[in-house]
Amino acid sequence: GIQVEQSPPDLILQEGANSTLRCNFSDSVNNLQWFHQNPWGQLINLFYIPSGTKQNGRLSATTVATERYSLLYISSSQTTDSGVYFCAVIPGSARQLTFGSGTQLTVLP
Amino acid sequence: NAGVTQTPKFQVLKTGQSMTLQCAQDMNHEYMSWYRQDPGMGLRLIHYSVGAGITDQGEVPNGYNVSRSTTEDFPLRLLSAAPSQTSVYFCASSDPSGTEKGRWHFGDGTRLSIL
């Protein structure tokens, strides 16, 4: 099946810093989403972005489908950004998400 | 609009017991799925459904059963609980053709411990 690799696995930032999280995938996809799992365990859908660029406040995401990667940018990070960020894809004709192993982000005050 | 609702939020079972994790969505989504999340790992697909009466196995289906008699509900049954099934279980839904095409929504999870 498709492989989804996220980097870095862990990231520690000071409040106010910027960061870039990366998601590489091994096959073509028709769906890519970024999720934030907050410290209470809830999964929040950040972006549905199979291609192109989207922005939502301090967060933005870019997917280059032809090169099989996606980037999540977090600017001016806040302590509430802490948690695990997951990339999930749906390859080809499949209809269900396959998740990466996540990036654990810690933002220090 | 409650989204995806999972019950219970927490459960402790003894090895060999059976139970049903409930999942309901009020968005009229065709697609529904069950995932499990183990410490330090991403989510792995257990079973999924693309519509009422249609279910299929995911990556880790052994020890679990599902049915989909209505669009709204997608219960997950543990047939004979084992310690290896200690995990956090997430239910999710998606509308493959509507205004939020392809966007998946997750419940808050059920934390299950098997002793």
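Here are some notes:
- Taking the listed residues A:S93, A:S51, the one that is exposed (fewer than 15 other Cβ atoms within 10 Å of the Cβ) and touching a helix residue (DSSP H, G or I) at 6+ places or on another chain (Cβ under 6 Å) is A:S51, with no other qualifying.
- In region A:55-70, residue farthest from the other protein chains (Cβ to nearest Cβ) [restricted to those that are surrounded by fewer than 15 Cβ atoms within 10 Å (Cβ to Cβ) and assigned to a strand (DSSP E or B)]: A:V64
- For region B:52-94, the set of residues classified as among the small types (G, A, S), more than 11 Å from chain A (Cβ to nearest Cβ), within 24 Å of B:D26 (Cα to Cα) and part of a strand (DSSP E or B) consists of B:S93 only.
- Residue ID - nearest to the other protein chains (Cβ to nearest Cβ), chosen from residues in region B:22-44 that are surrounded by 21 or more Cβ atoms within 10 Å (Cβ to Cβ) and under 10 Å from the mean Cα position of the chain (by Cα): B:S33
- Considering B:G16, B:G58, the condition of being surrounded by fewer than 16 Cβ atoms within 10 Å (Cβ to Cβ) and touching a residue at least 24 places away in the same chain (Cβ under 8 Å) is satisfied by B:G16 alone.
- Consider region A:17-36 and keep the residues that are under 13 Å from A:L59 (Cα atoms) and of a type in the set (S, T, N, Q). The one that is surrounded by the fewest Cβ atoms within 10 Å (Cβ to Cβ) is A:N18.
- Candidates are the residues of region A:65-93 that are among the aromatic types (F, W, Y) and without any contact (Cβ under 8 Å) to a residue 60 or more places away in the chain; the one that is nearest to A:E15 (Cα to Cα) is A:Y73.
- Evaluated against (1) under 23 Å from B:V50 (Cα atoms); (2) within 13 Å of another protein chain (Cβ to nearest Cβ), A:W40 falls short on exactly one condition, (1).
Every number here is computed from the coordinates shown, using simple stated rules; none is lab data. Keep in mind that what you see is a predicted model, and the values were worked out from it rather than measured. Virtual Cβ from ideal backbone geometry, glycine too; neighbours counted across all protein chains shown.
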